[in-house]
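Down below is the structure, laid out as structure tokens.
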Amino acid sequence: HMLYIDFDPEKGWGNPVISKYENFSLPPSITGLHYGIQCFEGMKAYKTKKGDVKMFRPMLNMLRMKRTAEKLTLPDFNGEEFLKLIKELIKLDADWVPNSTEASLYVRPTFISTDPMIGVRPPVNARLYCITCPVGPYYPQEGRELFKSVKLLADPQFVRAWEGGIGGYKAGGNYAPTLSIQKEAATKNCSQVLWLYGPDHLLTEVGTMNFFVFRKSADGHQELVTPPLSSGLILPGVTRQSVLDLARSWGEFSVVEENITMAAFLKELEKGNIIEVFGTGTACMICPVHSILFQDKEYDIPTMTNGAHLSKRLFTTMQDIQVGNIEHEWAESIYS
């Protein structure tokens, strides 16, 4: 099934509709197609051992979507009410939620301008909708290896986002321009791109994921580091925030949000201070990194050699919350 609600400038939001999954009939001139006036979210629903279906911190997705919609001048909407409707959609399709810790029901809220005109202007007509589909592991797996590490291409000639841009928003226009670089990475046997920025080669994101480094600090203590959101280069990921929140709640090491340059990273790597490197996102949750290709030289990252203990702990903890093995406020039942 699918859910959709239309916005009209005179009548406001119409009645929500949940119908069978089918094609939309929209004018080919809508500005959502021509000028990229559209955004989306990525969420998942998980089946618990008790048969409940839960979502992971879904209001963070609603808040991020409202923030992106405001940036794109799309109409405002009530995130709490939209989430209630999404839960009703999932209830109807609950049998499609896989009964497995290795799979889930992907939930894709989407917001598009439906103004039927050729011309760049803030939209006045829009459609908010949501579709779902069962999904397995994001990266192709070998056998039963569900925690596979990846190799990254870091090439300073490619830039994903820039200061003053929309890299910190989940707009569709952020994704299409990265596909040719992803194809380039694949020719070099790399699974993803490590996006660099500026003359100092700031490490920003990994493909469509946030970037984390677990390292020894100057005083010999361990610290988890990720780039800050303040630059506008980084998407405020729900998994990113959850990793930060979990790590801080454990209180076992420092948690720092600061810029990391490639030169500083390679220096720490040479000193043996890098313990783990991983990406985070809804699709894969935690993705360890075992090497980085930078300026035609491959640098081995000791994430897996060191046992990937933090990566695995974060992955297991969040997965246990999602499937109900750990009772936690982050996991919301669709039936409550």
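Considering (1) of a type in the set (Ser, Thr, Tyr); (2) assigned to a strand (DSSP E or B); (3) closer than 26 Å to Ile166 by Cα, the lone condition that Ser242 does not fulfil carries the number (2). The set of residues in region 235-253 being out of contact with any Leu (no Cβ under 7 Å at 6 or more places or on another chain) and either on the phi < 0 side of the Ramachandran plot or not small (Gly, Ala, Ser) (or both) consists of Leu235, Gly237, Thr239, Arg240, Ser242, Leu244, Asp245, Arg248, Ser249, Trp250, Glu252.
Residue count for region 192-222 under the criterion of being part of a loop (DSSP other than H, G, I, E, B), in contact with a Gly (Cβ under 8 Å, 6 or more places away or on another chain) and of a type in the set (S, T, N, Q): the result is 1.
You will find that of Thr261, Thr280, Thr317, the residue that is polar (S, T, N, Q), surrounded by fewer than 17 Cβ atoms within 10 Å (Cβ to Cβ) and either out of contact with any Phe, Trp or Tyr (no Cβ under 8 Å at 6 or more places or on another chain) or closer than 14 Å to Phe212 by Cα (or both) is Thr261 and no other.
Quick note: the coordinates plus some simple rules give every number you see, no bench work behind them. What you see is a predicted model; the values in this text were computed from it and never measured. No Cβ is skipped: glycine too gets one built from the backbone with ideal geometry, and neighbour counts run over all protein chains shown.
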